[in-house]
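Notes to accompany the following structure.
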Ligand code: CP3
């Protein structure tokens, strides 16, 4: 069994496994070369030859313990029929939907047919990699994906979806329910294609508190986890409730969640005491530390290992790797983690 799967099964593994969120991407020249050959980002995502190659690029360079499917969380609304494009230098754009936009009926067959290139990519990754390297599938959580569907773009303050939640909660519930159902189908198909682990990205729940967090984040994620566990009990699920401090303990206590990915703001002593008793903790190096250099990396690893090494821990960043990250710094991080000695 790969080391990351051991950790997600609750074991303590030395040295801890490592992979990085957004490990395939613009900081790698081989990615930039293929991206410009492909034409657009979505062309890369929907071409199994290129998506497989891009997913493998960081494994070849750094021998990470896991390869993540190369795609994006926004292919789900695309497959549901919403127009999606990635404007150069602007990030993702969609034709926004609102309370007055009727959602078409869910056509499971055409939804899954649209995403077939990703399932083929997962199949090829699983065939190509040895058992040492796990394949991670993923989706965005309904609130996070819904925030892009409603606004048509990324919105730092989440105003459009917050306003919809307040002014027309039934309309938002329709969107969230649709995304919950589609995400279950999407992740089950990734597991069937060979994904060893799945991760759910809830990147934008920091504005949700109390009952709002429960309704729009916790409940849909819990439904997805329950359905995946019924489909494939042995596949571990990691959830990343970024910057949702009230949310972390609730997410960690969902039965069936094996790992929680923590952002750089999370206090490590708290994570060790309150999260690691329920789940493996994944994280949480600040992506900026990886840009700053060896000293910042060393001190981050020192703090992390002191706090988390006595429990199940997967080394990762607290958010995606930044495009200006020097490759040498990633090598330094990997070496530093692989050189860690067990705590006595
Ligand atoms: O290597 C991996 O981690 C796997 C692939 C992956 C991508 N996006 C590729 C990508 C994954 C898991 C994601 C998740 C994702 N996408 C999230 C959740 C995680 C997070 O970062 O909070 C979100 C919110 C998105 C939406 C999205 N996609 C944004 C906001 C952007 C623009 C980001 C930017 O820096 O320009 C994307 C584009 C995107 N997704 C890129 C990559 C490699 C950059 C595309 C390019 O220009 O080549």
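Among 227, 205, 211, which is under 24 Å from residue 149 (Cβ atoms) and out of contact with any helix residue (DSSP H, G or I) (no Cβ under 9 Å at 6 or more places or on another chain)? Steps first, answer last, please.
Values: 227 fails: out of contact with any helix residue (DSSP H, G or I) (no Cβ under 9 Å at 6 or more places or on another chain); 205 fails: out of contact with any helix residue (DSSP H, G or I) (no Cβ under 9 Å at 6 or more places or on another chain).
So the residue among 227, 205, 211 that is under 24 Å from residue 149 (Cβ atoms) and out of contact with any helix residue (DSSP H, G or I) (no Cβ under 9 Å at 6 or more places or on another chain) is 211.
Kindly check whether there is at least one residue in region 31-43 that is in contact (Cβ under 8 Å) with a residue 60 or more places away in the chain and crowded, with 18+ Cβ neighbours inside 10 Å. Spell out how you get there, then give the answer.
Of all residues in region 31-43, those in contact (Cβ under 8 Å) with a residue 60 or more places away in the chain come to none.
Looking for residues that are in contact (Cβ under 8 Å) with a residue 60 or more places away in the chain and crowded, with 18+ Cβ neighbours inside 10 Å, one finds none in region 31-43, hence no.
Can you give me the number of residues within region 45-80 that are more than 9 Å from the ligand (Cβ to nearest atom), closer than 26 Å to residue 106 by Cβ and either under 15 Å from the mean Cα position of the chain (by Cα) or at pLDDT below 95 (or both)?
2
Within the group 115, 103, which residue is modelled with pLDDT of 95 or more and under 20 Å from residue 144 (Cβ atoms)?
Numbers: 103 fails: modelled with pLDDT of 95 or more.
Exactly one residue qualifies, and that residue is 115.
Give region 130-143 a look and list any residue that's in contact (Cβ under 8 Å) with a residue 60 or more places away in the chain and either over 20 Å from the mean Cα position of the chain (by Cα) or away from the ligand (no atom under 16 Å from the Cβ) (or both), or say none. Spell out the reasoning first.
First, pick out the residues of region 130-143 that are in contact (Cβ under 8 Å) with a residue 60 or more places away in the chain: 131-143.
Selection gives 131, 132.
One residue is enough: does region 162-177 have a residue meeting the conditions within 16 Å of the ligand (Cβ to nearest atom), surrounded by 15 or more Cβ atoms within 10 Å (Cβ to Cβ), in a helix (DSSP H, G or I) and at pLDDT 95 or above?
Taking region 162-177 and keeping what is within 16 Å of the ligand (Cβ to nearest atom), we get none.
No, region 162-177 contains no residue that is within 16 Å of the ligand (Cβ to nearest atom), surrounded by 15 or more Cβ atoms within 10 Å (Cβ to Cβ), in a helix (DSSP H, G or I) and at pLDDT 95 or above.
Here's the yes/no breakdown for (1) out of contact with any strand residue (DSSP E or B) (no Cβ under 7 Å at 6 or more places or on another chain); (2) at pLDDT 95 or above:
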residue	(1), (2)
184	yes, yes
218	yes, yes
236	no, yes
245	yes, no
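Within region 295-320, take every residue that is surrounded by 13 or more Cβ atoms within 10 Å (Cβ to Cβ) and over 27 Å from residue 278 (Cα atoms) and give me the one that is farthest from the ligand (Cβ to nearest atom).
Step by step, filter region 295-320, then rank; the result is 298.
Could you tell me which residue of region 96-115 is farthest from the chain's Cα centre (by Cα), considering only residues that are surrounded by fewer than 10 Cβ atoms within 10 Å (Cβ to Cβ) and more than 13 Å from residue 179 (Cα to Cα)?
Going through the qualifying residues, I end up with 100.
Of (1) surrounded by fewer than 18 Cβ atoms within 10 Å (Cβ to Cβ); (2) in contact (Cβ under 8 Å) with a residue 24 or more places away in the chain; (3) touching a helix residue (DSSP H, G or I) at 6+ places or on another chain (Cβ under 6 Å), residue 253 satisfies all except one. Which?
For residue 253, the failing item is (3).
Answer with yes or no whether residue 342 is in a loop (DSSP other than H, G, I, E, B), surrounded by fewer than 20 Cβ atoms within 10 Å (Cβ to Cβ) and within 20 Å of the chain's Cα centre (by Cα). Working first, answer last.
Details: in a loop (DSSP other than H, G, I, E, B): yes; surrounded by fewer than 20 Cβ atoms within 10 Å (Cβ to Cβ): yes; within 20 Å of the chain's Cα centre (by Cα): no.
No; evaluated as a whole, the condition is false for this residue.
Please determine, by comparing only the residues of region 1-23 that are assigned to a helix (DSSP H, G or I) and in contact (Cβ under 8 Å) with a residue 12 or more places away in the chain, which one is nearest to the ligand (Cβ to nearest atom). Break it down stepwise before answering.
Here is the first cut: in region 1-23, the residues assigned to a helix (DSSP H, G or I) are 3-8.
Imposing the further condition that a residue be in contact (Cβ under 8 Å) with a residue 12 or more places away in the chain reduces the set to 3-5, 7-8.
Details: 3: 19, 4: 15, 5: 18, 7: 19, 8: 17 Å.
Only one residue fits best here, namely 4.
Take residue 234 and tell me if it is surrounded by fewer than 19 Cβ atoms within 10 Å (Cβ to Cβ) and within 16 Å of the ligand (Cβ to nearest atom).
no
Is there a residue in region 265-276 that is crowded, with 17+ Cβ neighbours inside 10 Å and within 16 Å of the chain's Cα centre (by Cα)?
The answer is no, given that none of the residues of region 265-276 is crowded, with 17+ Cβ neighbours inside 10 Å and within 16 Å of the chain's Cα centre (by Cα).
Kindly indicate whether residue 93 is within 20 Å of residue 161 (Cβ to Cβ), surrounded by fewer than 19 Cβ atoms within 10 Å (Cβ to Cβ) and touching a residue at least 60 places away in the same chain (Cβ under 8 Å). It would help to see each step written out before you state the result.
Details: within 20 Å of residue 161 (Cβ to Cβ): yes; surrounded by fewer than 19 Cβ atoms within 10 Å (Cβ to Cβ): yes; touching a residue at least 60 places away in the same chain (Cβ under 8 Å): yes.
When the stated conditions are applied, residue 93 passes them.
Which of (1) within 11 Å of the ligand (Cβ to nearest atom); (2) surrounded by 24 or more Cβ atoms within 10 Å (Cβ to Cβ) is the odd one out, the single condition residue 146 does not satisfy?
Going through the list (1) within 11 Å of the ligand (Cβ to nearest atom); (2) surrounded by 24 or more Cβ atoms within 10 Å (Cβ to Cβ), residue 146 breaks only (1).
With the checklist (1) within 20 Å of the chain's Cα centre (by Cα); (2) exposed (fewer than 14 other Cβ atoms within 10 Å of the Cβ); (3) at pLDDT 95 or above in hand, flag the one item residue 122 doesn't pass.
(2)
State the number of residues belonging to region 288-318 that are closer than 19 Å to residue 248 by Cβ, assigned to a helix (DSSP H, G or I) and under 22 Å from the mean Cα position of the chain (by Cα).
2
The values are calculated or read from the model by the stated rules, or taken from the named source; none is laboratory data. Values in this document were obtained by computation on a predicted structure and should not be read as measured data. Cβ coordinates were reconstructed from backbone atoms using ideal geometry, including for glycine residues, and neighbour counts include every protein chain displayed.
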